[in-house]
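So the structure is just underneath, and the comments pick up after that.
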Amino acid sequence: MNLKPSLRTISLVLLMSPASVWAQEIIQVKGTKALINLSGTEASVGSDVFAVDSAGKRRAILRIRQVKGDRAVADVVKGTAQTGQSIQARGAGSSAPAPTQARSQESSEDSDDGRAKRPRGFLGQFLKRGTAAGVLAGLSQNSMSLTAKRGTASEDLTLSGNSFNLVGFYDYDLSKSFTIRTKAGIENFDVKGTATNAAVCNDSTACDVGFMYLAGEASAHFNFMTGKTRAYVGAGLAFLFAMGKKSSVSNLDTSNATNQMILLGGGADINMGGGAFVPVSFEYGMFPGSATVKATSMLLRAGYGWRF
């Protein structure tokens, strides 16, 4: 009995089976880039593939950026890619998953394409969007103009000063172009000046006003640069809770425990690689004014952040 034709037939069947999609593998990962060995398989720029571990689980989605010979460079769109993981074309599979597993994978895969695609459900959408967190420290230049009065004495004062602030922040991307940034921390407001009439500042020509606030802030950013380094303009609102206060201006009411500040500004998140970035921002803050008191702050901040 001649076995050679049968052996050739079996070899051809094995080569043409779905397992051939596993011949491709990741040979190097650096940051959000992966180098793929195509093993003779054709790949087109812009196509998506899965990175699959030794257990057959899909761990990442890669998007082919460049093809040269038998190698391809891909962006890690979602998940974690590691050297040695196999590559599977999107839509291919080594076996058919159970219905429940298939629905779970479909939901995950659809949401993994990027921030522009919505996962199913509000909670899924919230968790799958690109997010970031970090810290910001800064310097604020403050000014206050008011009419100081005591008895029959009255004087228009212009006070100014600098103060420091420190906040933590959390970003939530609604899309590539729109981001919500929330902040919480300490905001200080300190100003001082000189009065001609000492009576209006508790019998001293040196006038000073100061507040230490526990702040909760939220702002909406329009990202006009949407690459790894982002630049934006934005507007927001700060809710301020006074933790400490001082004032030598006789008629300035400091009894309110809360205050607000409208914020207008812009900034940039400068990519540092590996998911890290340096946020830099400038904001102009306006406190609610009255007929006798107006106050503003210009806030310059910088810090460190992480994308996850």
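Only residues that are over 26 Å from Asp156 (Cα atoms), of a type outside the set (A, V, I, L, M, F, W, C) and in contact with a Gly (Cβ under 7 Å, 6 or more places away or on another chain): list them for region 223-264, please.
Result: Tyr232, Gly234.
Which of (1) in contact with a Cys (Cβ under 8 Å, 6 or more places away or on another chain); (2) of a type in the set (Gly, Ala, Ser); (3) within 19 Å of Asn162 (Cβ to Cβ) does Ser297 not meet, given it meets every other one?
(1)
Answer yes or no: is there a residue in region 229-246 that is in a loop (DSSP other than H, G, I, E, B), more than 15 Å from Thr179 (Cα to Cα) and either of a type in the set (S, T, N, Q) or at pLDDT 95 or above (or both).
Start the filter on region 229-246 by keeping residues that are in a loop (DSSP other than H, G, I, E, B), which leaves 229.
Still in the list and also more than 15 Å from Thr179 (Cα to Cα): none.
No: zero hits.
Given (1) of a type outside the set (D, E, K, R); (2) out of contact with any Leu (no Cβ under 7 Å at 6 or more places or on another chain); (3) more than 28 Å from Asn197 (Cβ to Cβ), identify the lone condition not met by Ala295.
(3)
Name the residues in region 243-270 that are under 22 Å from Gly168 (Cβ atoms), buried (at least 16 other Cβ atoms within 10 Å of the Cβ) and out of contact with any Asp or Glu (no Cβ under 9 Å at 6 or more places or on another chain), would you?
Asn259, Ala268, Ile270, listed by residue number.
Does Thr229 satisfy the criteria of being polar (S, T, N, Q), assigned by TED's automatic domain parsing to the domain that holds Ala206 and in contact (Cβ under 8 Å) with a residue 40 or more places away in the chain?
Taking the combined requirement at face value, the residue satisfies it.
With the structure loaded, tell me whether Ala81 is more than 29 Å from the chain's Cα centre (by Cα), in a loop (DSSP other than H, G, I, E, B) and either of a type in the set (D, E, K, R) or not assigned by TED's automatic domain parsing to the domain that holds Met272 (or both) or whether it fails that test.
no
If a residue has to be in contact (Cβ under 8 Å) with a residue 40 or more places away in the chain and assigned to a strand (DSSP E or B) to count, how many in region 166-184 make the cut?
Final tally of qualifying residues: 10.
Answer yes if at least one residue in region 206-227 is outside any strand (DSSP E or B) and surrounded by 15 or more Cβ atoms within 10 Å (Cβ to Cβ), and no otherwise.
no
The values are calculated or read from the model by the stated rules, or taken from the named source; none is laboratory data. Quick caveat, the model's predicted, so the values are computed rather than measured. Backbone-built Cβ (ideal geometry, glycine too); neighbour counts: all protein chains shown.
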